[in-house]
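**Q** Below you will find the structure I want to go over with you.
The values are calculated or read from the model by the stated rules, or taken from the named source; none is laboratory data. Bear in mind that the values here come from a model prediction, so they are computed numbers and not experimental data. In this analysis, Cβ positions are derived from the backbone assuming ideal geometry, glycine residues included, and neighbour counts consider all displayed protein chains.
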Amino acid sequence: MNKILTPFLVFFLLTSFTEDKNQFIARQGQVSFFSYASMENIEAKNNQVLSILDLKNKKIAISMLMRAFVFKKDLMYEHFNESYVESDIYPKATFEGDIINFDASLKEQTKMIKGKLTIHGITKEIEIKTTIEKKENKYVLFGEANVFVKDFDIKIPPILASNIAQMITIKFRFQYQSYEE
Amino acid sequence: MHKKTTFSVFLIVLLLVLSGYLFIVPYFKKTNKNLQLIKSEASINSKELIDAYLLDEENTNTLYAGKIIEVTGFVKEVTFLNNRNTVLLYSKNKTSGIICDVHPNQIEKIKKLKKHQKIVVKGICKGFLKDVILLNCYIDLKLNE
């Protein structure tokens with residue numbers, strides 16, 4: 001029995017170890033968004049964004065809680081969660097993408113990430129220009145992207161249309177460390 | 001006639017005060033609440049909270065998300081990444097813990113925290129990714145043993 005099981009166990013341990021070694025995690029990634037409108041500028045930050053960077057497969061995955069975005073004013077937070085992104089129904093936004101021509105050995109590189117962004121239950125393909133830095137055995141990834149509010153079926157009442165920009169700028173910064181640490 | 005005018009003025013003033021309370025006050029209200037004097041809606045230890053999220057995230061969200069909760073746990077790490085004051089609580093489950101984003105008025109307390117120290121954290125539960133996320137946290141050191 002043991003003779004049959006042992007090769008499987010070794011294979012499982014080896015593959016899981018290899019995966020861990022190639023996977024880096026950021027538990028406190030920062031994502032912020034900006035809406036520049038004539039009436040007022042709105043900014044919100046989320047400092048608890050989860051991201052996993054897979055060096056072997058050149059992939060990145062991001063997940064964030066919409067309720068964890070912090071606004072300057074209570075009312076902005078309420079409008080955002082209750083009326084626009086409907087956090088009770090769609091509590092998370094996610095992104096999964098491929099880092100094109102990523103070379104994990106380089107100290108600094110600027111690459112495109114092609115992937116799928118899901119907000120408010122709507123998934124859109126987007127491309128993001130990003131800078132990736134390697135410092136010792138850690139990676140820092142940062143950049144920004146623009147998204148249109150209407151692409152994600154977010155309805156803004158006409159009376160508030162002048163308060164919120166049609167295009168939102170999203171900035172991000174992730175500091176990854178080895179999964180094993 | 002005089003009574004009618006007084007009543008109308010009273011009604012207008014009442015409406016102005018009410019609309020001010022409902023629309024203008026919330027607009028200027030800051031989100032960074034200090035929870036020190038606010039009573040928590042639930043009290044739980046870190047292991048039970050993480051286990052509940054791992055077992056049934058949706059149901060646990062209905063119990064705790066958006067609510068002020070008090071969590072007892074052990075310090076894994078204190079970080080100041082992105083200019084935030086963060087205390088990480090660990091659990092027996094190696095891959096999950098609790099991320100506590102601490103209110104700026106607690107900075108002196110968190111500087112003194114030691115690894116494995118038992119603390120009580122009161123914060124607003126935001127939900128679960130790989131870790132439970134608590135914001136605006138207040139730290140109670142009474143349990144410091």
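**Q** For the stretch B:17-38, state whether one or more residues are of a type in the set (Gly, Ala, Ser), in the same structural domain as B:Ile133 (by TED's automatic domain parsing), out of contact with any Phe, Trp or Tyr (no Cβ under 8 Å at 6 or more places or on another chain) and modelled with pLDDT under 95.
**A** Filtering the stretch B:17-38 for residues of a type in the set (Gly, Ala, Ser) gives B:19-20.
Adding the requirement that they be in the same structural domain as B:Ile133 (by TED's automatic domain parsing) leaves none.
Looking through the stretch B:17-38, none of the residues is of a type in the set (Gly, Ala, Ser), in the same structural domain as B:Ile133 (by TED's automatic domain parsing), out of contact with any Phe, Trp or Tyr (no Cβ under 8 Å at 6 or more places or on another chain) and modelled with pLDDT under 95.
**Q** Of everything in the stretch A:78-118, what is in contact with a Leu (Cβ under 9 Å, 6 or more places away or on another chain) and not in a strand (DSSP E or B)? Give them in sequence order.
**A** Listed by number, the residues that qualify are A:His79, A:Ser83, A:Ser87, A:Pro91, A:Phe102, A:Ala104.
**Q** Would you be able to say whether some residue in the stretch A:22-32 is away from chain B (no Cβ under 12 Å) and at pLDDT below 90?
**A** There is at least one residue in the stretch A:22-32 that is away from chain B (no Cβ under 12 Å) and at pLDDT below 90.
**Q** When the residues of the stretch A:161-177 are filtered to those that are out of contact with any strand residue (DSSP E or B) (no Cβ under 6 Å at 6 or more places or on another chain) and touching a residue at least 60 places away in the same chain (Cβ under 8 Å), which remaining residue is surrounded by the fewest Cβ atoms within 10 Å (Cβ to Cβ)?
**A** Among those that are out of contact with any strand residue (DSSP E or B) (no Cβ under 6 Å at 6 or more places or on another chain) and touching a residue at least 60 places away in the same chain (Cβ under 8 Å), it is A:Ser162.
**Q** (1) within 23 Å of A:Met112 (Cα to Cα); (2) touching a Leu at 6+ places or on another chain (Cβ under 7 Å); (3) among the hydrophobic types (A, V, I, L, M, F, W, C): which one isn't true of A:Ala61, the others all being true?
**A** Failed condition: (2).
Let's see how each residue does on (1) among the charged types (D, E, K, R); (2) closer than 21 Å to B:Ala42 by Cα:
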site: B:Thr86; (1), (2): no, no
site: B:Leu89; (1), (2): no, yes
site: B:Lys92; (1), (2): yes, no
site: B:Gly97; (1), (2): no, yes
site: B:Leu113; (1), (2): no, no
site: B:Val120; (1), (2): no, yes
site: B:Lys126; (1), (2): yes, yes
site: B:Tyr138; (1), (2): no, yes
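**Q** Which count do you get for residues in the stretch B:55-90 that are in a helix (DSSP H, G or I) and either in contact (Cβ under 8 Å) with a residue 60 or more places away in the chain or within 12 Å of chain A (Cβ to nearest Cβ) (or both)? Steps first, answer last, please.
**A** First, the residues of the stretch B:55-90 that are in a helix (DSSP H, G or I): B:55, B:57-64, B:81-83.
Okay, now just the ones that are also either in contact (Cβ under 8 Å) with a residue 60 or more places away in the chain or within 12 Å of chain A (Cβ to nearest Cβ) (or both), so B:57-58, B:60-62, B:64, B:81-83.
Looking only at that region, the number is 9.
**Q** Would you check if there is a residue in the stretch A:73-95 being more than 14 Å from every other protein chain (Cβ to nearest Cβ), at positive phi and of a type outside the set (S, T, N, Q)? Write out each step before concluding.
**A** Going through the stretch A:73-95, the residues more than 14 Å from every other protein chain (Cβ to nearest Cβ) turn out to be A:84.
Filter once more, so that each one left must be at positive phi: none.
Looking through the stretch A:73-95, none of the residues is more than 14 Å from every other protein chain (Cβ to nearest Cβ), at positive phi and of a type outside the set (S, T, N, Q).
**Q** Further question: Just wondering, is there one or more residues in the stretch A:63-76 that are assigned to a loop (DSSP other than H, G, I, E, B), in contact (Cβ under 8 Å) with a residue 24 or more places away in the chain and over 19 Å from the mean Cα position of the chain (by Cα)? Give the steps one after another, and end with the answer.
**A** The initial filter retains those residues of the stretch A:63-76 that are assigned to a loop (DSSP other than H, G, I, E, B), namely A:69, A:72.
In the following step, the residues that additionally are in contact (Cβ under 8 Å) with a residue 24 or more places away in the chain were identified as A:69, A:72.
After this cut, where a residue has to be over 19 Å from the mean Cα position of the chain (by Cα) as well, the list is A:72.
Scanning the stretch A:63-76 turns up at least one residue that is assigned to a loop (DSSP other than H, G, I, E, B), in contact (Cβ under 8 Å) with a residue 24 or more places away in the chain and over 19 Å from the mean Cα position of the chain (by Cα).
**Q** Restricting the stretch B:91-110 to residues that are part of a helix (DSSP H, G or I) and in contact (Cβ under 8 Å) with a residue 12 or more places away in the chain, which is nearest to the other protein chains (Cβ to nearest Cβ)?
**A** Residue satisfying both the conditions and the ranking: B:Pro104.
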